[in-house]
Amino acid sequence: MTSTITGPLGIDYSTEYSARTLALVSAETFALAYGLARGSSDRIREATSDFDWYECHRRDYWLSIDGRSGFAVDSDDTLLYVFSLERGRGDLLVEHAVRNGANNLDCFDGYLVDLYGRHGFREVRRESNWTPGGPDVVFMTRTCVCARHDDSSVTTFLCPLHADVDPCLTMAQVTGRRRKGSIRNGVCSNCGHGA
């Protein structure tokens, strides 16, 4: 069913209605939803940082139509401000963020590392939390391993970000050895392909 929807934040959308649909919004609209989420959930407030108005012009902001989930992607491809007041939307948010250029992030150690790992992010460093007893801060990135050739052509078949077929399966077929990683929820545990 296609119709015009006015979300709780006064945003008009002409789309097939779904609370799982994400739309590009202004910094002001995002900041309002983000602030409401941080104000109503200790879990979200503790896992996220304050909204930065000084840098807001450098970012794209995405919100679910119901205004209860969202994220931002900075001009340097950093994923920021991921939040959801609804359980079960994490994979949807990260998948959408990756499709819109997110390649770097930082998060607290714990379930978030696994969530981002399912979408091809890998830990590149970690730092101790500045709050005694708090979880480490984990810095993650998605890396492309496409082979680039002298003639400017690119071979993608072993890259977990760009291959059409699981690179671990391809390598196993070429070498005749057992594949690295296993498939969990449609994603390779070794290379992250399938996200």
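The values are calculated or read from the model by the stated rules, or taken from the named source; none is laboratory data. Keep in mind that this is a model prediction, so the values were computed, not measured. Virtual Cβ from ideal backbone geometry, glycine too; neighbours counted across all protein chains shown.
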Taking F71 as meeting all but one of (1) modelled with pLDDT of 95 or more; (2) more than 13 Å from the chain's Cα centre (by Cα); (3) under 26 Å from S189 (Cβ atoms); (4) not basic (K, R), write down the number of the exception. (2)
Looking at (1) at pLDDT 90 or above; (2) loosely packed, with under 13 Cβ neighbours inside 10 Å; (3) assigned to a loop (DSSP other than H, G, I, E, B), which is the only condition P8 fails? (1)
Within the set of pairs 6+ apart or on separate chains, which have a first residue in region 48-61 that is at negative phi and exposed (fewer than 15 other Cβ atoms within 10 Å of the Cβ), a second that is at pLDDT below 90 and outside any helix (DSSP H, G or I), and C-beta atoms under 6 Å apart? R58/S75
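The rows are residues; the columns are (1) polar (S, T, N, Q); (2) outside any helix (DSSP H, G or I); (3) in contact with a Gly (Cβ under 7 Å, 6 or more places away or on another chain); (4) modelled with pLDDT of 90 or more.
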residue	(1), (2), (3), (4)
G101	no, yes, no, no
L105	no, yes, no, yes
Y116	no, no, no, yes
W130	no, yes, no, no
For region 98-105, does any single residue satisfy the condition of being closer than 22 Å to T131 by Cβ and buried (at least 20 other Cβ atoms within 10 Å of the Cβ)? yes
